[in-house]
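I have placed the structure first, in the form of structure tokens, so that the comments after it can refer back to it.
Coordinate-derived values only; no laboratory data. These numbers come from a predicted model, not from an experiment. Ideal geometry is used to build each Cβ from the backbone, glycine not excepted, and the neighbour counts take in all protein chains shown.
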Amino acid sequence: MNDRIKYILNSGDGINWLGITIFVVFFILFLAVVWITLRRNKDADDYMAEMPINEKEESFE
Amino acid sequence: MTKIEQFSYDNGIVRNFAIASILFGAVGMLVGLLLALQLYIPELNFGLPFTTFGRLRPLHTNAVIFAFVGNGIFAGAYYSLQRLLKTRMYSNVLSAIHFWGWQLIIVGAAITLPLGYTSSLEYAELEWPIDLAIAVVWVVFGINMLMTILKRRESHIYVAIWFYIATWVAVTMLHVVNNLELPFAGFKSYPLWTGVQAALIQWWYGHNAVAFFLTTSYLGLMYYFVPKAAQRPVYSYKLSIIHFWALIFIYIWAGPHHLLYTSLPDWVQSLGTVFSVMLIAPSWGGMLNGLLTLRGVWDKVRRDPILKFFVVAITAYGMSTFEGPMMSIKSVNAISHYTDWTIGHVHIGALGWNGMLTFGMFYYIFPRIYKTKLFSVKLAEWHFWLGTIGIIMYAIPMYWGGITQQLMWKEFAADGTLVYGNFLDTVTQLFPMYIMRSVGGLLYITGLIFLIFNLIKTAACGKLEANEPAEAPALEKIHHVNKGHRWVESRTGWFYTITLVALIIGGLVEIVPMIMVKSNIPTIATVEPYTPLELLGRDIYIREGCVGCHSQMVRPFRSETVRYGDYSKSGEFIYDRPFLFGSKRTGPDLHRVGKKYPDSWHYNHMLDPRSTSPGSIMPPYPWLKDNDINYNSLESKINTLITLGTPYPDDFAAKAGVEARKQAKTIADALVAGGIQQDKLEDKEIIAMIAYLQRLGTDIKK
């Protein structure tokens with residue numbers, strides 16, 4: 001197992017670590033936003049989603 | 001019991017921005033049509049400096065982006081902000097300063113760009129006094145918006161306003177960083193950034209000008225006007241949250257995809273590609289959220305031209321945000337870059353996404369602020385179909401032409417030579433596509449004329465309610481919710497701060513190492529600063545907008561090194577202020593043009609391109625042989641460059657004029673010896689231009 005990990009690390013030359021780090025950071029943040037979003041209260045969501053159409057306006061059609 | 005407060009919405013400012021958007025949009029699009037015609041009828045350059053393709057192209061892009069779309073954003077934002085926040089705009093005075101200031105900037109652009117005052121940075125061509133004016137007016141808009149948000153009568157801020165906030169924060173950051181420049185004359189400056197670093201910062205700006213001026217602001221408008229017009233709530237408010245944060249975080253990284261296969265370090269190119277591909281997810285999240293808001297009312301779409309405009313706009317957004325990431329994959333970019341494919345791509349965005357959403361929005365707003373019915377639904381329907389067919393007729397020939405041209409550039413014969421070694425063969429091949437494109441543009445503009453007529457008649461039938469009465473319950477205290485995303489939706493300061501953090505990360509990671517780590521740009525010992533005469537020639541090259549048609553970046557492809565010469569290295573551009581990589585090859589790349597042709601060839605070519613290149617569509621530049629070189633500007637130019645870090649000797653500025661005249665005399669004498677007859681030839685701008693062109697790409701051959 002150790003040899004296997006050592007092999008993977010040795011053959012990791014040329015990997016764009018900066019890119020991978022940013023990628024990982026993004027996905028952590030992304031999953032956090034998704035988690036926070038999914039826990040939202042449905043009533044609050046409905047209120048916000050309807051905000052533009054809740055306003056009284058004359059119709060000119 | 002909650003007190004009901006009476007107030008009024010400022011419809012006057014909405015009307016003003018809408019009219020400005022339509023009028024400047026018409027001008028910008030007509031200039032675009034002229035440019036499209038110039039590409040196959042070069043006589044339409046009219047032999048005047050002010051009407052050549054190179055000078056008018058930035059006028060077209062600036063007019064459409066900042067005048068048509070910009071005023072459209074402000075019209076829509078002022079209309080929706082007030083209603084979503086249930087309050088009037090914070091200050092009538094700030095609104096008026098914003099409106100008149102923005103129009104003055106546009107007029108300033110319309111005057112200075114044809115006169116050749118340009119920084120040559122795409123979508124940031126305006127020179128330093130106008131840059132400063134933009135900063136001031138943008139801050140005025142920002143204060144007005146922020147204060148309006150702070151005095152709202154709604155506890156939580158709706159998603160459309162998040163997008164307006166992101167637009168304001170991002171554009172402020174981009175505009176300031178990309179336009180750091182040192183003036184050397186009333187309307188001229190040299191940029192702080194140079195060469196490859198400048199290219200990265202410019203495309204960090206350029207791409208995000210598209211992202212945060214043309215996209216996030218319009219997503220805000222979409223999240224307000226689509227539900228309004230459909231009378232349906234947003235499909236998924238949860239999705240809009242994920243859409244917003246993912247989009248603004250990812251978008252800012254994508255700029256380097258404009259520089260694939262250039263001498264930009266590979267690690268930045270990779271970041272640009274990866275994040276561009278990732279962009280599909282949030283972009284399509286937004287598109288689906290927009291389209292699915294219409295669930296259950298598709299029958300209304302059949303009857304309502306406003307919804308039709310919105311559907312095409314959102315679909316165009318989806319198309320261009322799929323196409324953009326695809327074009328950011330290196331193997332696709334190798335085909336698409338420098339060709340009309342890119343032009344087709346941006347016009348799907350501009351004509352489809354921005355244009356159609358703007359039109360739908362104005363058809364929605366005008367009857368409501370004039371308190372009357374739309375004059376003619378039928379005419380709006382005609383506008384819709386003319387616009388839609390116009391977009392298709394514009395885009396398809398551009399895709400076809402782009403792929404055709406790149407494949408011709410890359411085609412080798414069995415003996416290893418280029419099949420189309422003469423660049424012109426790959427240009428004339430595109431004429432049928434150029435003709436179809438201009439027909440598409442004409443249809444689109446015809447539709448716009450229908451809109452103008454329809455809205456004038458609508459306004460005539462009604463009366464503007466400049467101050468529309470409204471009422472809403474007083475918000476005595478903002479109800480902060482201390483859980484999840486609701487927490488930030490009610491905290492204005494935190495919302496701005498977190499948005500800034502999300503926006504700033506990408507730029508920092510990409511730009512700071514490029515500036516701090518010297519190994520990113522290996523220096524080349526033989527690369528030296530431009531001579532004074534070459535510098536003057538370079539500034540003429542910039543003035544004439546040559547960068548609009550000629551790149552200076554040979555990519556490391558065999559098809560390019562065979563055609564142009566050795567591929568471009570980052571160390572070759574370290575004295576380039578501004579960098580002139582270009583993004584389109586209507587004509588050939590010029591980075592290795594130095595010493596390729598004799599001086600007399602350049603002289604004849606500039607005065608009459610068709611004398612040396614039969615069939616060329618390049619306009620002639622006869623004024624270069626008549627205009628005197630402005631040697632007086634040299635001292636301040638050299639001093640400015642020394643301040644910025646160009647290693648000229650300390651006393652060089654004082655003697656630069658003498659050096660320049662000496663070099664000009666040598667070139668002029670050689671031309672006269674070659675049979676070219678002209679009085680005082682050594683004093684003419686054509687000599688400086690020749691000096692610059694002959695220097696291009698030659699340093700590494702020393």
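Go ahead and run the numbers for FRET between A:K56 and B:T446, Cβ-Cβ distance against an R0 of 41 Å, rounding to 0.05.
Values: r = 37 Å, r/R0 = 0.91.
According to the calculation, E is roughly 0.65.
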Grab the eigenvalues of the alpha-carbon gyration tensor for chain B, scale each by 5, take roots, and send me the semi-axes largest first in whole angstrom. 46, 27, 24
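What do the square roots of 5 times the Cα gyration tensor eigenvalues come to for the stretch B:55-212, in whole Å, largest first, as semi-axes of the equivalent ellipsoid? Could the numbers behind the result be given before it?
Details: eigenvalues 180, 55, 35 Å².
With the √(5λ) rule applied to the stretch B:55-212, the semi-axes are 30, 17, 13 Å.
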Which of B:F375, B:G360, B:S328 sits farthest toward the positive end of the charge dipole of the stretch B:322-394, with +1 on the Cβ of Lys and Arg and -1 on the Cβ of Asp and Glu? B:F375
Projected onto the charge dipole of chain B (unit charges on the beta-carbon of Lys, Arg, Asp and Glu, signs +1, +1, -1, -1), the Cα from B:N422, B:V136, B:P58 with the largest positive-side position is that of B:V136
Counting just the Cα atoms, what span does the stretch B:510-633 cover along each of its three principal axes? Round to the nearest Å and put the largest first. 46, 42, 25
If I fit a long axis through the Cα atoms of helix B:431-461 and take the longest principal axis of the Cα atoms of chain B, what angle between them do I get, 0 to 90°, rounded to 10? 40
For chain B, the longest principal axis of the Cα atoms and the Cα long axis of helix B:280-292 enclose an angle in degrees, to the nearest 10, of 40
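Using the scaling law 2.2 N^0.38 Å as the reference, what is the normalised Cα Rg of the stretch B:291-449?
Numbers: Rg = 19.5 Å, N = 159, 2.2 N^0.38 = 15.1 Å.
So the stretch B:291-449 has a normalised radius of gyration of 1.29.
What average count of beta carbons from other chains do you get within 10 Å of the Cβ of residues in B:220-231?
Per residue, the average neighbour count from other chains is 2.
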How are the alpha carbon pair distances in the protein assembly as shown distributed across 20 Å bins from zero to the largest one, expressed in percent? 16, 48, 29, 7, 0
Taking the simple approach of a point 7 Å from Cα along Cα-to-Cβ for both A:L18 and B:S519, what is their distance in nm? 1.1
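Taking the Cα centre of chain B as the origin, how large is its charge dipole in debye, to the nearest 20, when only Lys and Arg (+1) and Asp and Glu (-1) carry charge on their Cβ atoms?
Details: 57 positive and 47 negative charges, 489 e Å.
Value, rounded to 20: 2340 debye.
What is the Cα convex hull volume of the stretch B:532-701 when expressed per residue in Å³?
Numbers: hull volume 20.2 nm³, N = 170.
In the stretch B:532-701, the Cα convex hull volume per residue is 119 Å³.
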Cα→Cβ-extended label distance, 7 Å offset, between B:Q6 and B:S270, nm: 6.7
Degrees separating the helix B:53-62 axis from the principal Cα axis of chain B, which is the longest one: 20
Once phi is turned into ³J(HN,Hα) by the Karplus curve 6.51 cos²θ - 1.76 cosθ + 1.60 with θ = phi - 60°, what whole-Hz value does each residue of the stretch B:525-535 show in order, with x for glycine and proline? 4, 7, 7, 10, x, 5, 5, x, 5, 4, 4
Taking amide H positions as placed 1.01 Å from N in the peptide plane, with prolines and chain starts having none, which residues 5 or more places from B:L418, or on another chain, fall under 5 Å of its amide H? B:A413
What are the ³J(HN,Hα) couplings of the stretch B:322-328, residue after residue, when phi is run through the Karplus curve with 6.51, -1.76, 1.60 and θ = phi - 60°? Round to Hz, x for glycine and proline. 8, 5, x, x, 5, 5, 8
Could you work out the mean count of beta carbons from other protein chains within 10 Å of each residue's beta carbon in B:260-271? 1
Cβ charges +1 (Lys, Arg) and -1 (Asp, Glu), total dipole of the stretch B:532-701, debye: 640
Over the whole of A:23-36, what's the average partner chain Cβ count within 10 Å per residue? Rounded to a whole number, please. 4
